[in-house]
Each structure stands twice: as C-alpha cells, then as structure tokens.
Amino acid sequence: MSKSGESQLDDLMQVLGHSFSDLDLLRTALTHPSALTRRTGKAGPRQKGGQDNQRLEFLGDRVLGLVVAEMLYRTFGKEDEGAMAKRLAALVRQEGLAHVARSIDLGRHLILSRGEADGGGRDNAATLADACEAIIGAIYLDAGLDAARKFVERHWAALIAADVSPPQDAKTALQEWAQAAG
C-alpha cells in the first residue's frame with residue numbers, strides 16, 4: 001500500500017477509535033467483493049490478502065446484534081422481549097448501519113472495482129452497511145469483544161436514545177388495528 005494509503009488507514013483508525021494491530025483485517029473489512037477479479041471461477045487478489053469483506057460482515061452482524069441487545073436490555077429495563085426485539089431489528093438493519101458508515105465517512109475508504117465505484121458504490125446503503133458490519137467483525141477479531149463493544153456503543157447510543165418507543169412494522173400495525181376494529 002502506498003504512503004497515502006497507509007495515511008488514509010491511519011485517519012480511518014482515528015475515526016474508528018481503534019488502532020489495528022493486524023492491518024490486513026482492516027483492509028479485508030474495506031474490500032468489497034467487486035474488487036476481486038474472477039479468473040477461471042476463482043477469486044484472484046488485486047490487493048494483498050485477496051479476501052473480500054463478506055466473512056467479516058457475517059461475524060460483525062452477530063457482534064453488533066449482541067452488543068445492541070445488551071444495550072437495549074440495560075436501557076429499557078421494563079420492556080418485554082417483544083418490544084426489545086422490535087428495537088433490535090430496527091437498530092441493526094441496513095439504514096442504521098449505513099447511517100453510522102456515513103457518519104464516519106467509511107465510503108471514502110472502501111476498496112471497490114472501478115465499475116462499482118463509478119456506479120455510486122461509495123454511497124450505496126447496502127455496500128456501506130455491509131462494510132460497517134465488516135469493520136465491527138474486524139475490530140472484534142483484532143482486539144476482542146470489549147473493543148468492538150466500545151465502537152458499537154459510541155455509534156449506536158444516539159440511535160437508541162433517539163427512539164423513545166419501539167418501532168412497529170406495517171404488518172403488525174395493520175393486524176393490531178384490525179383486531180381492535182373487530
């Protein structure tokens with residue numbers, strides 16, 4: 001990686017509040033699947049490591065869910081399981097992840113194919129959400145649950161505080177209305 005590339009990683013680590021001891025984990029978390037070329041049906045690396053962020057995304061999703069569930073448990077001590085489950089689903093879905101990714105300017109650091117970048121991939125909500133989960137997974141692997149928890153708590157606390165009542169999906173709202181209306 002070039003000197004400016006290393007400098008950009010340093011800048012990102014400042015924003016993340018975590019200094020990676022294994023920079024390859026961070027690079028992998030930033031690597032969109034489009035950045036890897038396809039040769040004879042196998043992925044070939046364009047950059048060192050040659051892995052995309054999908055496995056880290058999988059792990060980060062679970063870590064995020066655990067930490068947010070714990071935050072909800074502590075914050076809403078009198079709520080039942082159903083209400084907390086609704087809150088959890090709303091907080092860990094694509095919109096919340098993309099919001100956090102945009103707040104830390106994660107799109108600027110993504111490693112994308114030229115086509116993906118030209119197609120708006122740096123601001124695509126799904127791409128940003130996936131990369132944000134991958135970052136959480138990378139922090140977890142690099143330094144453990146406490147480090148990942150610090151990142152999640154710092155970036156999800158305001159989202160939790162902003163929502164005073166559990167969200168309700170349209171189907172549930174319709175069912176409750178229909179029951180009440182007889």
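Derivation of every value follows stated rules applied to the coordinates shown; laboratory data play no part. The shown structure was predicted, so the numbers you read here are calculated from the model rather than taken from an experiment. Cβ sites come from the backbone with ideal geometry, for glycine too, and all protein chains shown count toward neighbours.
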Estimated FRET transfer efficiency when R0 is 35 angstrom, pair residue 102-residue 177 (beta carbons, to 0.05): 0.55
Interchain or long-range residues, amide H under 5 Å from residue 31's placed H: 53, 111
Whole-Hz couplings from phi, Karplus 6.51/-1.76/1.60, listed for the range 139-145; x for Gly and Pro: 4, 4, 5, 6, 9, x, 5
